[in-house]
Structures are given as structure tokens and as C-alpha cells.
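Heads up, the thing below is written out as C-alpha cells.
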Amino acid sequence: MTELLSEIHKRLTFAIISHPDAGKTTITEKLLLFGGAIHIAGAVKSGKTSRAAISDFMKMEQERGISISTSVMGFEYKGRKVNLLDTPGHADFSEDTYRGLSAVDSALMVIDSVKGVEERTRQLCVVCRMRATPIMTFINKLDREGKDPMELLDEVEKELAVQVRPITWPIGQGKLFKGVYNLLDHTLYLFRPGEDQLPVDTVSISSLSDPLLDEKVGASLARKLRDDVEMISGVYPSFDRDEYIRGEATPVFFGSALNNFGVRELLDHLTTLAPYPTPKEAEERLVAPEESKFSGFVFKIHANMNPRHRDRIAFLRVVSGKFERNTMYYHVRSGKSFRTANPTAFMSQDREIIDEAWPGDIIGLHDTGTFKIGDTLTEGESVSFKGIPSFAPQIFRSIRNADPLKEKQYHKGLDQLAEEGVVQIFSKIHQPNARVLGVVGQLQLEVLKSRLINEYAADCAYEPIDMTIAHWITSDDPKILKTFVDANTRHVLVDIRGNFVYVSDSEWAVNRVRQNNPAIRFYATSEMIDKRA
Ligand code: G4P
């Protein structure tokens, strides 16, 4: 095998998707412990706690190191180099979260067994489905009295439109939680309440009729497990890795992250089942990781909050070939080549300068304003990777300059921060100077204001506006599109790339407009119509 191929086969790049409080931080911490990347439980947690409040978030941004190193965490496990991307789920939820998913090859979905499928998970799952990203599911908090496991699986199938394939099955729940049964290898994993389960007690049973089962979990739970397994084997086809890789079916595991129960088994399955770095679609062609020439794309830009230093870090996902330090690479959008001097890798809490990187890796490039989100670097070929779209904002505000003496700084800051992806800016059709902001998370508004003040010495004020739903619109017939836009000027905005966006305050109203205008197509992201300016 060539060096490139063997490096590709080592890589595993994934993100955790979940609703706040489902247990993402707890699981991340356990994964890092198993990977030897951290040694003290609580290291991740303390980072998260300080992130909860806005003022702390800002402080953390200023300190830089923390948030950068927690955006990507790398560790080694059983011969695989695992890259785990952070997808903020708390107050700092923003478009960054969605974009992060474009840089991974699979996702781990964490669901709270008490609450079931929740809103944020639903939103992130839509993005995974768009790209057919394979999803592995962990149903957490089995030590609490939660929903019935069958009901939870039904919810996942119905609400997330992905088929489920249970790999483990819980024995009891809450106070009666005794462990899980692995349906594939007939092993019992026994749970001891209130303990960090390292190692977990495992017992192999010859079949479900083995009396050892009754001995270990009690006759009543053993009977229930037998009934459950009979039922689920009738309802769900057996697990097929190809279905998972195609994003059609999700293998499901049950456990309790807090008690460290089921997490190691999850990681074992993740490292054997999850896909290697996958080919990525560019406008021009599909780019495979095995191609000898390097290519990659920028999916996140992290700006320095220190106003004296305008440098930023661009996060680049390596798609193909080998990336080497101090090499000239071609920046497709500008048509210029430049040298990558000090690329960094993100291993656990540290940043380190690297000499090379391989497909699946995420590297940080020092940036003095060259990069925009979505930019591609290659060895000379003009390809532009797809999949870094803008997502339909859910919160809108009209914005105005709050300090008349700083008009120029205000516009400059607003434009630059929109390019960086901090917020989306739209203009109104007949009032091109009136700006409307769109964000997916409230915190983006706070960040924008604070950065205008700190970095541009400008200020802004927001006013509420009557919009909650946005769709990018297009039509095969430009005349029909123009007629529609002219007839709906109050509801149509223009994004920074010149695309039209239809906005409304009710799903019902949008549906009616869609029905009445079948020649107009409505999209939840800009992906389908981006002109890639
Ligand atoms: P998040 O990152 O998805 O928001 O979730 P996080 O890991 O912070 O977990 C949210 C809460 O759920 C935490 O409690 C955590 O201890 C708890 N938790 C996580 N896994 C389990 C589990 O398997 N069983 C039970 N019973 N609880 C679990 P908290 O009280 O909010 O925080 P803390 O005081 O424990 O730090």
C-alpha cells in the first residue's frame, strides 16, 4: 500500500450532533480519555462551563488558545487517527456548527433517553441528510427513568428520516438498569450503578436461553430481554454496513456516558465501522482522497479578537493528497499561489506546528485576510468544493449604524464580518442601503456588535423585524423569477452574492406561495444556487 493510502485508512474524522444537555461534553471527555488525549476527567467540562455565558465566551475568544484547540480534537485509538470536530450546541450555536459538518465524514448522534429527539438534533440531522453523512447513534442516560427504547427508536425513524438498526439493547432502565446486550456478538455488558465502568463487566452467553442470563440480570428482566429481542428482530432488518455508509440506516447503541458505560464499545464500533475520508464533490468533479495531488477547503475562519493583530486562523480540511509545510499552493478564488508557513494541527488541548497532513486532517492556516469560507487550495487545478452553503437564518434584525461619526468603519466592519461568516447580510430590493441581518443563533448578534466595537471602533443597533423563515429561491426561467420578485418585493431580500431570498413569518404562508408558484424553487440553503462569487 502506498503511504498515502495507508494514511487515509488510518483517518477518522467525525462530529457529535446533539441537543444541549444530551451529554455531548461528557462523551467527548470519555472519548478523549480513551484516546489518551486528556488524563483528567473534567478537562473538557471546565472549557464548556465557561462557554455558557456570553461574557465568558468573549473572554475565551480573546484568549484564543482554548476555543481553537477545542474546535478540533485529535487523538489516536487502536491504530486510527481520530479527528473530532466540535459542533457547539449551546448558546454559541451558529452557522459555524452547520459548516463544521461539511468537514467531517461521519457523525455521532447523542440522544437523551429521557427527552428523546430534540430540536437541535433535528436541525443538524437535516444537514447530515443533505450530504448522506453516515450517522451512528448513542442513546444516553439509561441510568435515568427514560422513554421506552422502542418508542425512542420510532421517534428517530419518524422524526429524522433515517432507519435504525439496534446493535445493543438495554436491560432495564433507570434504577433497574442492568446493562446492555450486544445483539451481534451475544455479549452482556453489565452495569454497576454510580461507578466509572472501567473495565465494563462482560459475560458471553451462548444464546438468550442461557440460564446465565437469568442469574446475572434476574428472571424478570431476562424474560423481558428475550421478548424485546424477539420483537426487534422481527421489526428491524439486521445491520448492514453499506446502508450505514450510505447514510440510510443508523446503528444504535445504548449507555450512560456519565457512568462511562457503553462509551468504549461505541468508540470500538466507530473506529471499525465509520468511513475513511470520503471523496468530496467540487463544482467541476468529484475529488477522491487517494488522488496524489493535494486539495483542501476552508470551512471555518477564526478571527483574533485582539484589535492590534488582525490575524486569523483558517481551518482547512484536507480532501486529497499530501499537504506539506512551506509549499506553494494555489488559491483558486484569487488565482494566486502562496506559501503555507506555519500550519498547525490540533491534538487535544495543544496546537502544534506540523510538516505534513493527510486526507481527513484538519489544519489551521495563519491568515492575514486571504481566505474566505469555502475557499479551495490545490496544487494548481481550479476546483471549488461544494457544501459550504449559507443556511437559512432563523433570527432576523434590521441593523443600523449607532454612531454617525463612524459611518465608514461601520460599513467596512459589517462587510468584513459578513464575509467571515459571522452573520449573513441581506439588502432590500427597493432600499439597497437598508440592511437586514440573518443569523441562526442569538449569540451571533452579540458577537457582531462586540467585534464592531472592539475591532472597528464602530457600533450598531438592532431592531426587530417581522420575519422568521427564509428560503433561497430560483427558477429555470429567469423571466418567471423576475416577475415573482417584482410582485413580492416586500418579501424578497438579496444576499451578498446577489441571490434572492424569500422571507416570511409563517410556514403556512410560505407553503401557500409555493403552491401558487410551482415554477419557483425554494431551498433551505444557498447550496443549490450559489454563484460562488
Ligand atoms: P452537553 O454537552 O450535550 O450539553 O451535555 P453534558 O455532557 O454537559 O451533560 C449534560 C448533563 O447531563 C450534565 O449534568 C451531565 O452530567 C449529565 N449527564 C451526561 N451523561 C449522563 C448520563 O449518562 N446519566 C445521567 N444521569 N446524566 C448524564 P449537569 O447536572 O448539567 O452538569 P454537571 O453538574 O454534572 O456537570
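The values are calculated or read from the model by the stated rules, or taken from the named source; none is laboratory data. This is a predicted model, so every value here is computed, not measured. Here the Cβ is made from the backbone with ideal geometry for all residues, glycine too, and neighbour counts use every protein chain on show. Each accessible area value is taken on the protein alone, full model and side chains, heavy atoms only, with ligands, DNA and RNA left out. Shrake-Rupley method; radii C 1.70, N 1.55, O 1.52, S 1.80 Å.
Details
- For the chain, the mean residue ellipticity at 222 nm estimated from helices alone is -9000 deg cm²/dmol, where every DSSP H run of n ≥ 4 contributes -39500 (n - 2.57) and the total is divided by all residues, rounded to the nearest 500.
- Acute angle (nearest 10 degrees) that the helix 263-273 long axis makes with the longest principal axis of the chain, alpha-carbon atoms: 70
- Packing-based ranking of 485-498, 412-425 yields 412-425, 485-498, ordered from highest to lowest mean Cβ neighbour count within 10 Å.
- Each of Ala357, Thr137, Gly23 was scored by the projection of its Cα onto the charge dipole of the chain, and the greatest displacement toward the positive side belongs to Ala357; charges sit on the C-beta of Lys, Arg, Asp and Glu.
- Counting protein heavy atoms only, region 253-345 has 49 percent of its accessible area on carbon and sulfur, 1.4 angstrom probe.
- Descending semi-axes in whole angstrom, ellipsoid equivalent of the chain, from the Cα gyration tensor: 41, 27, 23
- The long axis of helix 407-420 is offset from the longest Cα principal axis of the chain by roughly 40 degrees.
- Cβ charges +1 (Lys, Arg) and -1 (Asp, Glu), total dipole of the chain, debye: 1300
- Computing FRET efficiency as 1/(1 + (r/R0)^6) for Ser292 and Asp240, where r is the C-beta to C-beta distance and R0 is 25 Å, gives about 0.15.
- Computed over protein heavy atoms with a 1.4 Å probe, the accessible surface of the chain works out to 42 Å² per residue.
- In terms of the mean number of neighbouring beta-carbon atoms within 10 Å, the peptides 119-126, 474-481, 457-464 order highest first as 119-126, 457-464, 474-481.
- For region 239-259 versus region 445-475, the inter-centroid distance based on Cα atoms is 38 Å.
- Restraint check, Lys81/Lys293; Lys115/Lys178; Lys147/Lys280; Lys280/Lys300, Cα-Cα greater than 27 Å: Lys147/Lys280
- Region 184-337 - percent relative contact order, Cα under 8 Å, separation 6 or more: 14
- Of all beta bridges that DSSP places with both ends in the chain, some 75 percent have antiparallel geometry.
- In terms of its C-alpha gyration tensor, region 431-473 comes out prolate, because a/c is 1.5 or above and the ratio a/b outweighs b/c.
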